[in-house]
Amino acid sequence: ISKIATDALKQKDVVFVKIVDDKNNVLSQKGEESAQNTKVYTSAIVVEMTGFEKKEELILGSTEKGFEKVGEIYLTLSMENMRKELNATAKIAVLVTIIAIGITSLFIILLVRFFVGRPIKELVLGTKIIGEGALSYKISINSTDEIGALAESFNKMAENLEHVTVSRDIFYMEINERKKIEKRLIETEKMAAVAQIAAETAHEIK
């Protein structure tokens, strides 16, 4: 029994072993019972009964009918190594999460800049050139979304202005209207870009 207790104490994280008989008399104990941050596990020691005979074999943890309890074994395990491993795992998880968020954010920024920033910049430049009187200039945006539709409208408007003679007051009114449209467009697209970034970042974090 002493050898069983000694061998059990060699197991990972086991700091104290106690073996008692069915009357709770201590048969053997090894290790330090007062260790901090521990957890105790208990298992019954039973022998199989065959008629009136007892077999020599010891079976731990069995509660089936036909077995007689002859004692208990108490194992006290230290949770310190587990706590350190959990802390290390948590740090790695936080680091991986931060890296993933950083990569995702960079990808979203590049994506928005490519698909939203460039067309808006082209549209703003085109409206500025058309607004300065170069009505033959064409905004080259071939997308089928709202920005592409707006660019097509600007191109048609510039083409119509080339063939129509208007008074100076009407011309200034149309220029002002274009500037208002341009301002509303920029504000709308900025809001759309921010909303898209927030939605995609929230999805990736989730």
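Where a number appears in this text, it was derived from the coordinates with a stated rule and is not lab data. Predicted model only: the values in this text are computed from it and were never measured. Here Cβ is always computed from backbone atoms with ideal geometry, including for glycine, and neighbour counts include all displayed protein chains.
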Worksheet item: By a straight-distance test (C-alpha under 20 Å), which lysines pair with Lys69 as possible cross-link partners, with residues fewer than eight away in the same chain excluded?
Response: Lys18, Lys23, Lys54, Lys55
Worksheet, complete the sentence: Here the net charge surrounding Ile120, from other residues whose Cβ is less than 9 Å away from its Cβ (Lys, Arg +1; Asp, Glu -1), is +1
Item to complete: Step through the residues of region 18-27 one at a time and calculate ³J(HN,Hα) from phi using the Karplus curve (6.51 cos²θ - 1.76 cosθ + 1.60, θ = phi - 60°), rounding each to whole Hz and writing x for Gly and Pro.
Response: 9, 10, 10, 8, 5, 9, 6, 7, 6, 8
Practice prompt. Excluding Leu9 itself, calculate the net charge of residues whose Cβ lies under 14 Å from the Cβ of Leu9, where each Lys or Arg counts +1 and each Asp or Glu counts -1.
Written response: +1
Worksheet item: From the cross-link list Lys121/Lys179; Lys156/Lys180; Lys30/Lys84; Lys138/Lys179, which pairs have alpha carbons spaced over 20 Å apart?
Response: Lys30/Lys84
